[in-house]
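Asks: Structure incoming, see below.
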Amino acid sequence: MVIFKIEKLNVRFGSVHALRDVSEEILEHEILTVIGPSNSGKSTLLRTLNRMNDLLPNLRITGTVELEGENIRRMDVEALRRRVGTVFALPLPLPLSIFDNVAYGPRMHGLRNKKKMAERVETALRQAYLWDEVKDRLHESAFKLSGGQQQRLCIARTLAVEPEVILFDEPCSGLDPISTAKVEDAMLKLKQRYTLVLVTNNVKQAARVGDRTAFFLNGELIEVDKTEKIFTVPRDNRTDDYIRGRFG
Amino acid sequence: MRKFREFIIEKLVLLCGIASIFFVVLIFLFLLKEGFAVFKTVHPFAFLGGKSWYPISEPPRLGILPLILGSILVTVGAAIISIPIGVGCAIYIAEIAPKKTKEILKAGIELLAAIPSVVLGFIGMVTIVPLAKMLFHLPTGLTALSGSIMLAFMAMPTIVSIAEDALYSVPKTYKEGALAMGATHWQAIWRVMLRAASSGILAAVMLGIGRVIGETMAVMMITGNAAVIPHSFFAPVRTLTATIAAEMGEAVIGSEHYFALFAIGIVLFVISFGINVTADLFLHKRQ
């Protein structure tokens with residue numbers, strides 16, 4: 001099933017043409033990894049999907065993005081962001097306890113029942129593969145966790161809102177290899193329930209977790225295909241050069 | 001030669017540094033020496049807790065409780081008015097206002113800070129005082145309420161500019177994180193921005209209150225200056241500061257009255273110091 005359908009998407013900030021004529025579909029229960037050098041437009045794509053770009057001045061968007069058949073520009077922006085969650089590059093726990101960090105979203109959306117909240121928090125922490133490490137200290141400050149744990153906490157926080165799609169914006173760029181491996185494990189298991197879009201600067205990470213991989217360069221979608229194909233027989237020379245590290 | 005110049009400049013700067021501390025210590029010692037003299041005749045508790053202030057009766061009765069309560073009443077009133085408006089204004093400037101409105105508002109706030117307090121007091125005397133008298137059918141409009149309203153105007157610029165600064169320095173990513181979870185703009189402000197900026201906002205409030213407590217001219221002009229224990233916002237009060245300003249000129253140097261005024265100075269100093277230290281603690285907690 002197609003979750004996101006992107007057609008002829010153009011995004012401009014003032015005079016900067018950040019995305020050029022991008023058309024692409026994102027399928028249910030897949031991990032789509034998006035790779036490309038910096039300024040290639042991959043983060044812009046991600047931020048367009050849940051309209052986080054709306055905050056920026058001088059933004060002009062043409063083309064359409066549909067979430068399950070519905071144009072996202074006509075949707076209520078808060079409702080859209082509930083369905084399409086984001087995990088940012090740097091783990092950003094709020095200055096609260098571990099429990100309250102995860103409970104934050106549901107509480108904001110009006111969940112008051114304590115028992116249901118406890119269940120929701122536990123489910124989210126289990127899905128983010130953090131539960132076993134924190135179950136005995138849920139009421140300690142979130143800042144006491146390690147970097148990798150903090151990032152998984154942020155994933156749990158996003159999951160607690162019960163989204164359909166989760167966008168990962170370079171989620172491991174600030175993490176050590178062991179923490180990175182744990183976050184990747186969590187992502188691989190999450191795709192059974194969610195649809196994941198992963199923007200990464202780490203080409204090897206794309207090869208490890210992506211079902212399909214899209215390569216962006218200067219705002220253009222150069223090619224998108226099954227991850228094995230992109231990494232073994234890419235159609236475009238530029239893709240080949242990038243994944244071999246000839247530029248980047 | 002160059003080394004010699006370095007040496008001279010270094011020592012000059014050192015001297016400047018020491019000078020400021022030196023003067024503070026001198027002032028402090030003088031205040032203590034003059035103020036503590038009153039406690040030879042009045043017990044400190046009788047001084048702080050005494051209910052009547054008749055400094056020129058015979059023997060003088062030097063209880064400053066009415067003055068302390070007067071100061072507290074006016075300050076609390078001013079805080080109740082200025083904190084919500086000030087913080088609200090800071091939120092508007094930092095988060096909501098379009099660029100142009102922001103500039104205009106900021107300039108307006110700075111202008112408000114630049115109005116001399118005696119001018120504000122004067123304006124209050126001819127506007128708020130008769131208005132309060134008329135609205136609440138009071139025998140006089142010179143009340144704690146009028147003072148609170150006027151002082152709120154004086155606290156506002158401090159509160160707004162520091163609180164706005166605190167909100168501005170909240171990392172942008174916090175707000176984005178909240179929005180990305182589906183928060184509305186207001187939810188992001190209320191649940192994330194304000195919480196993250198809370199220590200800075202508390203500091204802003206403390207500094208605003210510090211300004212109110214120390215304010216003299218305007219309160220003297222519009223609070224009525226009756227040294228009795230106040231029973232409501234609609235009664236005249238007299239503050240610690242106004243007492244010193246009004247009576248220092250006529251107190252005989254070396255008299256109990258004179259020493260008592262210095263002791264009031266110590267009380268004020270302790271209160272302001274306490275407030276500033278608290279504000280400082282909040283500001284440092286933020287960093």
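Asks: Please go through the range B:141-169 and pick out each residue that is among the hydrophobic types (A, V, I, L, M, F, W, C) and either within 14 Å of B:V87 (Cβ to Cβ) or outside the structural domain of B:G70 (by TED's automatic domain parsing) (or both).
Replies: B:A152, B:A155, B:M156, B:I159, B:V160, B:I162, B:A163, B:A166, B:L167
Asks: Scan the range B:35-48 and give yes if some residue there is out of contact with any helix residue (DSSP H, G or I) (no Cβ under 9 Å at 6 or more places or on another chain), surrounded by 13 or more Cβ atoms within 10 Å (Cβ to Cβ) and over 28 Å from B:V205 (Cβ atoms), otherwise no.
Replies: Yes - at least one qualifying residue is present in the range B:35-48.
Asks: Let me ask something else. Give B:I109, B:I128, B:I64, B:I80 a once-over and let me know the one that is in contact (Cβ under 8 Å) with a residue 24 or more places away in the chain and closer than 15 Å to B:P157 by Cβ.
Replies: The unique qualifying residue is B:I109.
Asks: Go through B:A246, B:A204, B:A218, B:A263 for me and flag whichever is under 16 Å from B:S148 (Cβ atoms) and either away from chain A (no Cβ under 14 Å) or surrounded by fewer than 21 Cβ atoms within 10 Å (Cβ to Cβ) (or both).
Replies: Values: B:A246 fails: under 16 Å from B:S148 (Cβ atoms); B:A204 fails: under 16 Å from B:S148 (Cβ atoms); B:A263 fails: under 16 Å from B:S148 (Cβ atoms).
That would be B:A218, the only listed residue that is under 16 Å from B:S148 (Cβ atoms) and either away from chain A (no Cβ under 14 Å) or surrounded by fewer than 21 Cβ atoms within 10 Å (Cβ to Cβ) (or both).
Asks: So in the range A:142-169, with the set limited to residues that are surrounded by 20 or more Cβ atoms within 10 Å (Cβ to Cβ) and of a type in the set (D, E, K, R), which one is nearest to the other protein chains (Cβ to nearest Cβ)?
Replies: A:R157
Asks: Kindly provide the set of residues from the range B:37-90 that are assigned to a helix (DSSP H, G or I) and over 22 Å from the mean Cα position of the chain (by Cα), ordered by number.
Replies: B:A37, B:V38, B:F39, B:K40, B:P44, B:F45, B:A46, B:F47, B:G49 - these are the residues of the range B:37-90 that are assigned to a helix (DSSP H, G or I) and over 22 Å from the mean Cα position of the chain (by Cα).
Asks: Taking B:A203 as meeting all but one of (1) under 30 Å from A:A89 (Cα atoms); (2) at pLDDT 90 or above, write down the number of the exception.
Replies: Every listed condition holds for B:A203 apart from (1).
Asks: From (1) surrounded by 17 or more Cβ atoms within 10 Å (Cβ to Cβ); (2) within 23 Å of A:F88 (Cα to Cα); (3) in contact with a helix residue (DSSP H, G or I) (Cβ under 9 Å, 6 or more places away or on another chain); (4) at pLDDT 90 or above, pick out the condition that doesn't hold for A:A186.
Replies: (4)
Asks: Let me ask another. Restricting to the range A:189-232, name every residue that is among the charged types (D, E, K, R), in contact with a helix residue (DSSP H, G or I) (Cβ under 8 Å, 6 or more places away or on another chain) and either surrounded by fewer than 19 Cβ atoms within 10 Å (Cβ to Cβ) or over 26 Å from A:N10 (Cβ atoms) (or both).
Replies: If the condition is that a residue be among the charged types (D, E, K, R), in contact with a helix residue (DSSP H, G or I) (Cβ under 8 Å, 6 or more places away or on another chain) and either surrounded by fewer than 19 Cβ atoms within 10 Å (Cβ to Cβ) or over 26 Å from A:N10 (Cβ atoms) (or both), then A:K189, A:R193, A:R208, A:D211, A:E223 are the ones that fit.
Asks: Shifting gears a bit: Among the residues of the range A:213-226, write down those that are over 19 Å from A:C172 (Cα atoms) and not aromatic (F, W, Y).
Replies: A:L217, A:N218, A:G219, A:E220, A:L221, A:I222, A:E223, A:V224, A:D225, A:K226
Asks: Could you list, in sequence order, all residues of the range A:1-41 that are buried (at least 20 other Cβ atoms within 10 Å of the Cβ), outside any strand (DSSP E or B) and of a type in the set (S, T, N, Q)?
Replies: A:S40
Asks: Tell me whether the range B:179-195 contains one or more residues that are of a type in the set (K, R), in contact with a helix residue (DSSP H, G or I) (Cβ under 7 Å, 6 or more places away or on another chain) and assigned by TED's automatic domain parsing to the domain that holds B:A263. Before the answer, list the steps.
Replies: Within the range B:179-195, the first condition is being of a type in the set (K, R), and the residues that meet it are B:191, B:195.
The next check asks that each one be in contact with a helix residue (DSSP H, G or I) (Cβ under 7 Å, 6 or more places away or on another chain); those that pass are B:191.
Next, only the ones that are assigned by TED's automatic domain parsing to the domain that holds B:A263 stay: B:191.
Yes, that holds for at least one residue.
Asks: Could you check the range A:124-147 and list, in sequence order, the residues that are touching a residue at least 24 places away in the same chain (Cβ under 8 Å), under 24 Å from A:V84 (Cβ atoms) and in a helix (DSSP H, G or I)?
Replies: A:A124, A:L125, A:Q127, A:A142
Asks: Restricting to the range B:207-219, and then to whatever is assigned to a helix (DSSP H, G or I) and more than 8 Å from the chain's Cα centre (by Cα), can you tell me which residue is farthest from B:L268 (Cα to Cα)?
Replies: Of everything passing the filter in the range B:207-219, B:A218 is farthest from B:L268 (Cα to Cα).
Asks: Which condition does B:F269 not pass, out of (1) over 19 Å from the mean Cα position of the chain (by Cα); (2) at pLDDT 90 or above, if it passes all the others?
Replies: Status for B:F269: all satisfied but (1).
Asks: Please go through the range A:59-115 and give me each residue that is without any contact (Cβ under 8 Å) to a residue 12 or more places away in the chain, at the interface with chain B (Cβ under 10 Å from one of its Cβ atoms) and either under 18 Å from B:W190 (Cβ atoms) or in a loop (DSSP other than H, G, I, E, B) (or both), ordered by number.
Replies: Passing the criteria: A:D76, A:E78, A:R107, A:M108.
Asks: Please go through the range B:157-197 and give me each residue that is of a type in the set (S, T, Y), within 9 Å of chain A (Cβ to nearest Cβ) and assigned to a helix (DSSP H, G or I), ordered by number. Let's see the steps before the verdict.
Replies: Keep residues of the range B:157-197 that are of a type in the set (S, T, Y), which gives B:158, B:161, B:168-169, B:173-174, B:184.
When the remaining residues are screened for being within 9 Å of chain A (Cβ to nearest Cβ), the result is B:173-174, B:184.
Scanning the range B:157-197 gives B:T173, B:Y174.
Asks: Let me ask another. Restricting to the range A:40-58, give me the number of residues that are at the interface with another protein chain (Cβ under 10 Å from one of its Cβ atoms) and within 26 Å of A:Y242 (Cα to Cα).
Replies: 1
Asks: While we're here: Just checking, how many residues over the range A:142-187 are farther than 26 Å from A:P37 by Cα and of a type in the set (S, T, N, Q)?
Replies: So in the range A:142-187, the residues farther than 26 Å from A:P37 by Cα come out as A:142-146, A:149-150, A:153, A:156-164.
Filter once more, keeping what is of a type in the set (S, T, N, Q): A:146, A:149-150, A:158.
Selection size over the range A:142-187: 4.
The values are calculated or read from the model by the stated rules, or taken from the named source; none is laboratory data. Computed from a predicted structure; not experimentally measured. Neighbour counts are summed over all protein chains in view; Cβ atoms, including those assigned to glycine, are modelled from backbone coordinates with ideal geometry.
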